[in-house]
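Chemist: The structure under discussion is supplied below as structure tokens; questions concerning it will follow.
The values are calculated or read from the model by the stated rules, or taken from the named source; none is laboratory data. Only a predicted model underlies this, so the values are computations on that prediction, with no experimental measurement involved. Neighbour counts are summed over all protein chains in view; Cβ atoms, including those assigned to glycine, are modelled from backbone coordinates with ideal geometry. Side chains included, ligands, DNA and RNA excluded: accessible areas come from the protein's heavy atoms. Shrake-Rupley method; radii C 1.70, N 1.55, O 1.52, S 1.80 Å.
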Amino acid sequence: GIWKSTDAGDSWNLITDQLSNICVSCLAQAPNGDIYAGTGEGFSVYVTGEGFSTCILGGGIIKSTDDGATFSLLSSTTPSSSNNINSTWAYTNRIAIQPNNPQVVYAATNKGLMVSTDGGNTWANVTGVGATTCLDVKMSADGSIVIACIGGNSYYAYPSSSNSYQATAFSAIATAGYGKLPSSGGGRIEFAIAPSNPNYIYASVIGSNSSLIGVYFTNSAVSSGKGGIWYEIGPGGSKQFNPYSSGGVQNQGDYDNTLGVFPNNPGKILVGGTTLWSWMQNSSTDTVGGWTSISTYFGFPGDPSYIHPDEHAIVIDNNNPNVVYVGCDGGIYKSTDGAKTFNPENRNYDVTQFYAIAFSPYV
């Protein structure tokens, strides 16, 4: 469900335990205060030796117009079938909202990238990019660019164009040649856009085998007008750098993959998977920078370097970049020193997701 804290994460209260579907996968707030929550977890996980996927069916998008006090289902997002992974709105993986127009909402769903221009009352597929699974959509803080991963490929749009929110505004990001963002080959791509500079976009590209192809960034996304010139800053296949494999669990980039850019420095990011890493550009012209390992895969209560594995969300406080929240399989972890150390923030946060069941043959 949806949980709310009024003391910066020190304690939590459940507010949506009566909804028909409480598998909440993503949250986004519009500039007018409206909150949208997508349901359904469409990111599969391959467990070595087991070979099963843990996709939890959703029930559409729920919306609040009273600052999160109450939520109700947007009837326009009711799944066409309540127990069918192929139905429309079975999964809503990400939500992005136009900051200059709170009525324009994008949703990354199992049936492609959807867009609403009336606050979620009606929706339409962004055509021309396919109605295959959309795993990510991100909007820049100034509303100048939208970027999405659809069917393992990348697309971008400039909402300020004459065709502001519909199909032809989107173009594919080229994947061949020098300076191009590679295709995931059917895998997952996660994006993050710097709040202070929409030219800076980061991408973690995961292959179809759930392993890292590479982490990339562009500092010319808007100015180039063609999706940017991309530089590899985190190579795949490295024994020293692999945020998606640790502790004997291999190749989990399709399940746990998240990026965050510091609001006071477009050249500084966090990358989370099974472990958390940071990267910082050494100068405005540097395309290499350096990586620092922040968290360990195994830890103990009170260990400031431990964050529970499988990180799914990174949120950095726009007003105080020293405050960083990480959402993971172990709940919520918080840093107050710029992501150097973390502590769990799970008081009264009582959540469990069951994904398998077994019974004894003996009675």
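Chemist: List the lysines whose Cα lies under 21 Å from the Cα of Lys334, skipping any in the same chain that are fewer than 8 positions away.
Modeler: Lys4, Lys268
Chemist: Once fully extended, how much extra length lies between Asp317 and Gln103, figured as 0.36 nm per residue of separation less the alpha-carbon to alpha-carbon distance?
Modeler: On the way: separation 214, 0.36 × 214 = 77.04 nm, distance 2.43 nm.
That works out to 74.6 nm of additional length.
Chemist: Same structure, new question: Contact order normalised by length for the chain, with contacts defined as Cα pairs under 8 Å and 6 or more residues apart; what percent is it? Intermediate results must be reported in sequence, preceding the final value.
Modeler: Values: 985 pairs, mean separation 33.7, N = 363.
Taking the mean separation of contacting Cα pairs over the length of the chain, I get 9 percent.
Chemist: A further question follows. Ile61's amide H: which non-local residues (gap 5+, or another chain) put their own amide H closer than 5 Å, with H modeled 1.01 Å from N in plane and none for Pro or chain starts?
Modeler: Here Leu74, Thr77 satisfy the definition.
Chemist: Hey, what's region 263-363 come to in accessible area per residue, 1.4 Å probe, Å²? The partial results should precede the final answer.
Modeler: Working: 5810 Å² over 101 residues.
Value returned for region 263-363: 58 Å² of accessible area per residue.
Chemist: Roughly to the nearest percent, how much of the accessible area of the chain is carbon and sulfur, given a 1.4 Å probe? Walk me through the intermediate numbers first.
Modeler: Details: 8010 of 16050 Å².
Within the chain, the accessible surface is 50 percent carbon and sulfur.
Chemist: Determine, for each peptide in 97-109, 313-325, the mean count of other beta carbons within 10 angstrom over its residues, then list the peptides with the highest first. Could the numbers behind the result be given before it?
Modeler: On the way: 97-109: 21.7, 313-325: 16.2.
Going from most to least packed, we get 97-109, 313-325.
Chemist: Now for a separate question. What percent does the relative contact order of region 30-154 come to when contacts are Cα pairs within less than 8 Å and at least six residues apart? Can you show the working numbers first?
Modeler: Values: 308 pairs, mean separation 24.0, N = 125.
Value for region 30-154: 19 percent.
Chemist: Using helices alone, what [θ] at 222 nm do you get for the chain, with -39,500 (n - 2.57) per DSSP H run of 4 or more residues, divided over all residues and rounded to the nearest 500?
Modeler: Working: 1 runs with 4 residues, N = 363.
After summing the helix terms and dividing by residue count, I get 0 deg cm²/dmol.
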